[in-house]
């Protein structure tokens, strides 16, 4: 029955990976702006437009349904007429793969940058995901995700993270956010670690404590966690090099029409 489940899983993956009809998105950062700002080991969050995106955004109460890691020029250069492969992601149909930045140029994105990550560790994070290109997408529990489409039930908040705890334990399989979480775990870089306080045993220092960080299991991470992590900076390309609102080219005709409608 293993081959049958695998076959059904791939069929379902193809269905869930299909884009859905929606209003046209106008990306808040242009392709050129992203190219100018992104650095290796940056996490690019994506507001997806597939059938799978909706339940992920619902369960995580977040805008972001997908994550990819920016690797810069770490892969061999391609023909001059082809765009470089600068992102590594775990795709539902194709597994772990490298794609161009233009692949997400028409979608809303957010750049999450690990603060203080050393150059050597940045390189290790990039090498980790590159080494896993070709691995399969982990289809375990994909049927559980699919059932939230028909329709999505009111799942209590305390259960949402557990419902997305995907992972079969097979090292040749991955999902988007857990692949990236594993890469940062390799260099002990925190995303949303569990923090507990260890109080002093000495009565003279009863009010003293140490904060002990524990790496959360990679299967518990979702794209949203990189957004809310206190250890990742949110980089906004439109204002990275300064912003002067007085230089914006407003359509005053349209503004006059709005003012007339409200008068």
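Among the residues of the range 252-261, is there at least one that is modelled with pLDDT of 75 or more, part of a helix (DSSP H, G or I) and over 30 Å from residue 185 (Cβ atoms)? There is at least one residue in the range 252-261 that is modelled with pLDDT of 75 or more, part of a helix (DSSP H, G or I) and over 30 Å from residue 185 (Cβ atoms).
Evaluation of residue 173 against the conditions (1) modelled with pLDDT under 95; (2) buried (at least 18 other Cβ atoms within 10 Å of the Cβ); (3) under 16 Å from the mean Cα position of the chain (by Cα) shows that the sole unmet condition is (3).
Scanning the range 84-96 for residues that are within 23 Å of residue 30 (Cα to Cα) and buried (at least 19 other Cβ atoms within 10 Å of the Cβ) yields 85, 86, 87, 88, 89. Residue 56 passes every criterion in (1) more than 20 Å from residue 182 (Cα to Cα); (2) part of a helix (DSSP H, G or I) apart from (1).
Per this entry, residue 42 is counted among residues that are in contact with a strand residue (DSSP E or B) (Cβ under 6 Å, 6 or more places away or on another chain), modelled with pLDDT of 70 or more and closer than 29 Å to residue 118 by Cβ. Residue-level check: of (1) modelled with pLDDT under 95; (2) outside any loop (DSSP other than H, G, I, E, B), residue 77 misses just (2). Here residue 84 passes the criteria (1) at pLDDT 80 or above; (2) under 24 Å from residue 131 (Cβ atoms); (3) outside any loop (DSSP other than H, G, I, E, B) except the one numbered (3).
The values are calculated or read from the model by the stated rules, or taken from the named source; none is laboratory data. Every value quoted in this text rests on a predicted model; they were computed, and no experiment measured them. Cβ coordinates were reconstructed from backbone atoms using ideal geometry, including for glycine residues, and neighbour counts include every protein chain displayed.
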